[in-house]
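Everything on this sheet refers to the single structure shown next.
The values are calculated or read from the model by the stated rules, or taken from the named source; none is laboratory data. In this text, all values refer to a predicted model and were calculated from it rather than measured experimentally. Cβ coordinates were reconstructed from backbone atoms using ideal geometry, including for glycine residues, and neighbour counts include every protein chain displayed.
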Amino acid sequence: MEFIQTLLANQLIVSILLSTLPLIFINVMVLVVLYTEMKVAAHIQDRVAYMRTGWHGVLQPIADMLKLLQKEDIIPTKADKLLFRMAPFIAFIGTYVVYAVLPFSSIYIGSNINLGAFFLVAAGSFVVIGILMAGWASNNKWSLFGGIRSAAQMISYEIPTALAIVIVVMITGSLNLQDVTKFQDGGIGNWIIFGGPLPWAQKLMLMPFTLITFLILFVASIAEVNRTPFDLPEAESELVQGYNTEYSGMRFAMFYLSEYANLFTVSAVVVSLFLGGWSSPFNSFMSGPLWGIFWFVTKAYTFVLIQIWLRWTLPRLRVDQLMFVSWKVLTPWLFVCILAVGLILVI
Amino acid sequence: MSSIGIYFYNIFHSLYTVVIGMKITIRHLFTRSATVQYPTIKKKIPERARNRLFVNIDDCIGCNLCSIACPVDCILIKTIKSTPDMDLGMTSKNTRKRLYISCFDIDIAKCCYCGLCVWPCPTECIFMTDVYEFADFNRQSFIYSFSIMTAEEITAAQRRLKKYNDEQTAKKLLP
């Protein structure tokens with residue numbers, strides 16, 4: 001970052017440039033993830049997806065985006081116009097802002113604030129407001145249901161997310177995501193999922209608890225982004241399209257974009273906290289600032305693939321089962337983990 | 001089992017079944033897909049499949065049995081009796097043909113592909129082929145005319161029949 005700053009002396013231009021980098025990354029990444037999802041989903045179901053647009057359908061996501069761009073923008077007559085228009089953008093802002101604190105590499109992080117992990121959870125709740133607004137302003141009872149269920153789900157799954165982050169913070173001692181990643185530098189044995197760079201005895205005792213915490217964080221993150229099996233808000237067969245029903249064209253594209261960007265975000269968060277972020281699993285082979293970006297994106301992409309895999313394996317959870325899982329399974333186990341990790345770290 | 005036992009059992013059982021499900025889907029990820037890329041590759045259809053009808057008009061004796069059997073009335077047959085001096089030829093089953101077929105229209109859009117017209121035919125001249133790609137833009141093009149008589153031949157046959165009938169009635173009226 002400082003390197004680019006010395007290149008162009010103007011502070012404003014530098015900050016604009018650095019803040020649009022994640023936007024370009026999101027756009028490219030969403031196209032790749034869209035293509036991956038449709039192909040992986042198709043092959044899991046023993047069929048092939050698009051084969052005609054481009055070789056084996058590689059141009060299909062671009063065709064999808066072009067189609068959404070040129071659609072008519074329909075606003076229902078009795079809809080609350082201001083809220084209806086604002087909702088997709090608020091949802092996207094909530095997703096985009098989190099990219100400011102993701103450590104893509106040792107030299108690039110949008111904003112190296114000391115409260116990175118806390119900021120993640122806080123700014124991630126912006127999306128809840130966006131979805132509630134969309135559900136309410138659509139003047140459609142099914143959208144309202146979708147919006148309310150989504151708000152309930154996202155709020156109740158933020159607690160396991162925050163508690164899991166607390167466990168990582170206890171081990172590393174810092175909320176700054178760049179410091180957490182540096183703490184795990186030095187090879188696969190130093191990753192927090194295997195206990196972190198601590199002496200042998202502590203590591204062995206910590207390992208089951210960090211494994212459980214990792215699993216719980218992963219499950220809670222899937223619920224945060226409304227992916228199957230937790231996709232009741234957009235339950236395609238029950239609520240028409242949930243809070244998305246009345247949206248068309250570019251506004252729908254915003255929701256769509258923010259869903260896929262969110263997919264990558266939560267994978268990236270899980271990877272930075274537990275799996276070593278941009279550090280290479282081999283000690284210094286293939287490590288360095290540019291290799292950092294490669295490792296980060298590869299690891300996050302693996303978790304995106306796992307989420308796609310889960311989507312096509314599991315049926316949807318009912319709303320009361322959803323609440324049961326969050327409040328009565330994830331949260332108590334996390335309390336036990338916090339207690340255990342605290343004791344182990346003290347001894 | 002106590003309720004706390006049920007609680008723990010549920011958690012581990014659900015995790016275990018999720019893993020089993022994921023094993024199955026990942027196995028399917030690497031199996032060959034069942035899709036057939038249709039216009040470039042066409043799958044072979046069974047030998048006795050019932051698709052578009054065809055009529056071998058040289059064998060048709062104009063008995064109207066197929067038209068009567070059709071449940072949706074899509075076959076229209078109009079015949080002209082031939083006079084004893086004309087020779088229409090033999091069918092493949094070695095019977096004499098006695099009727100000119102002036103009109104044999106099948107409205108293939110109405111046809112329900114039941115195959116009921118195939119069985120009554122004495123000469124097996126109407127049968128179902130394996131052609132299934134005959135979509136078209138124009139409704140009129142779905143009326144298939146199998147008759148090969150031109151308008152002049154039809155008027156000539158009708159005139160001949162009229163002349164013969166007149167001669168027969170004239171003969172009857174003679175004392």
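Descriptive notes on the structure:
- Residue identified as farther than 30 Å from A:I109 by Cα and at pLDDT below 85 among A:Q202, A:Q241: A:Q241
- Odd one out for A:L34 among (1) in a helix (DSSP H, G or I); (2) without any contact (Cβ under 8 Å) to a residue 12 or more places away in the chain; (3) hydrophobic (A, V, I, L, M, F, W, C): (2)
- Flag for B:S67 being assigned to a loop (DSSP other than H, G, I, E, B), more than 10 Å from the chain's Cα centre (by Cα) and of a type in the set (S, T, N, Q): no
- The test for being within 14 Å of chain B (Cβ to nearest Cβ), among the charged types (D, E, K, R) and buried (at least 16 other Cβ atoms within 10 Å of the Cβ) does not hold for A:R251.
- Residues in segment B:30-46 that are out of contact with any Phe, Trp or Tyr (no Cβ under 8 Å at 6 or more places or on another chain) and of a type in the set (A, V, I, L, M, F, W, C): B:F30, B:A34, B:V36, B:I41.
- Residue list for segment B:92-140, restricted to those being out of contact with any helix residue (DSSP H, G or I) (no Cβ under 8 Å at 6 or more places or on another chain) and closer than 24 Å to B:E152 by Cα: B:R96, B:K97, B:R98, B:L99, B:I101, B:C103, B:F104, B:D105, B:I106, B:Q140
- Selected residue [surrounded by 13 or more Cβ atoms within 10 Å (Cβ to Cβ), away from every other protein chain (no Cβ under 14 Å) and assigned to a loop (DSSP other than H, G, I, E, B)] from B:K44, B:K93, B:K78, B:K110: B:K110
- Close pairs from segment A:124-140: first farther than 15 Å from A:T245 by Cβ, partner of a type in the set (D, E, K, R) and part of a helix (DSSP H, G or I), Cβ under 7 Å, at least 6 apart: A:G124/A:E224; A:S125/A:E158
- Test: residue in segment A:38-59 that is buried (at least 17 other Cβ atoms within 10 Å of the Cβ) and either more than 14 Å from every other protein chain (Cβ to nearest Cβ) or under 19 Å from A:A268 (Cα atoms) (or both): no
- Within segment A:77-122, the residues that satisfy the criterion of being more than 14 Å from the chain's Cα centre (by Cα) and among the small types (G, A, S) are A:A79, A:A87, A:S105, A:S106, A:G110, A:S111, A:G116.
- Scanning segment A:309-319 for residues that are farther than 13 Å from A:F218 by Cα and within 14 Å of chain B (Cβ to nearest Cβ) gives A:W309, A:R311, A:W312, A:T313, A:L314, A:P315, A:R316, A:L317, A:R318.
- Some residue of segment A:314-328 being closer than 26 Å to A:T181 by Cβ and out of contact with any His (no Cβ under 8 Å at 6 or more places or on another chain): no
- Residue within segment A:8-30 that is of a type in the set (G, A, S), under 24 Å from the mean Cα position of the chain (by Cα) and modelled with pLDDT of 90 or more present: no
- Taking (1) part of a loop (DSSP other than H, G, I, E, B); (2) in contact with a helix residue (DSSP H, G or I) (Cβ under 9 Å, 6 or more places away or on another chain); (3) more than 14 Å from chain A (Cβ to nearest Cβ) in turn, B:T35 satisfies each apart from (3).
- Residue-level check: of (1) more than 10 Å from every other protein chain (Cβ to nearest Cβ); (2) surrounded by fewer than 17 Cβ atoms within 10 Å (Cβ to Cβ); (3) not hydrophobic (A, V, I, L, M, F, W, C), A:K299 misses just (2).
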